Amino acid sequence: MITLHTSLDSLLAAAATSIAVIALIALAGVALRRGTRARAQSLILESTVEKLRRELESATSVAARAARRLKRIEQEHARMVERIDLVESRGEPRFFEQAIDSARHGADSGKLAENFGLSRGEADLISRLHGRKKSA
């Protein structure tokens, strides 16, 4: 009977060990599947983060170009305001007569532009039409 009891104890121990090994294998399989899913989700998240990074870089680039264009437009606007102020400050048509008279007395186009607020083109035209003729 002792032999039977020992055999039964050995058999139960072997069965318990087998059940424990099977349980460990099953748990390892579950952990492996969860790890695989976690890796797949991680790859999806990394891909999404990379896509968002590219979109952010693109938006930043567009914003930088827009800021540069806005600055150029503001500079052009400031030049236009200055030009309008010069034109408005001229007052009467007598203003051009004074510039013509100055050209007849030898003022070059640079001086005309500076003294009378003329554009370079206006000053050149007045100087050519009314300035002193250069000797050859």
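The values are calculated or read from the model by the stated rules, or taken from the named source; none is laboratory data. Predicted, not measured: the structure shown is a model, and the values here were computed from it. Here Cβ is always computed from backbone atoms with ideal geometry, including for glycine, and neighbour counts include all displayed protein chains.
Observations, loosely collected:
- Breaking point among (1) in a helix (DSSP H, G or I); (2) at pLDDT below 90; (3) hydroxyl-bearing (S, T, Y), for S127: (2)
- For the range 63-99, the candidate set comprises residues that are at pLDDT below 90 and of a type in the set (V, I, T); within that set, the residue that is farthest from the chain's Cα centre (by Cα) is V87.
- Extreme residue, surrounded by the fewest Cβ atoms within 10 Å (Cβ to Cβ), among residues of the range 94-110 that are more than 14 Å from H130 (Cα to Cα) and of a type outside the set (A, V, I, L, M, F, W, C): R94
- Residue check for A59: touching a Leu at 6+ places or on another chain (Cβ under 7 Å) and part of a helix (DSSP H, G or I): no
- Top-ranked residue of the range 118-136 - restricted to ones that are among the small types (G, A, S) and crowded, with 19+ Cβ neighbours inside 10 Å, ranked as nearest to D85 (Cα to Cα): A123
- When K134 is tested against (1) assigned to a helix (DSSP H, G or I); (2) at pLDDT below 85, only condition (1) is not met.
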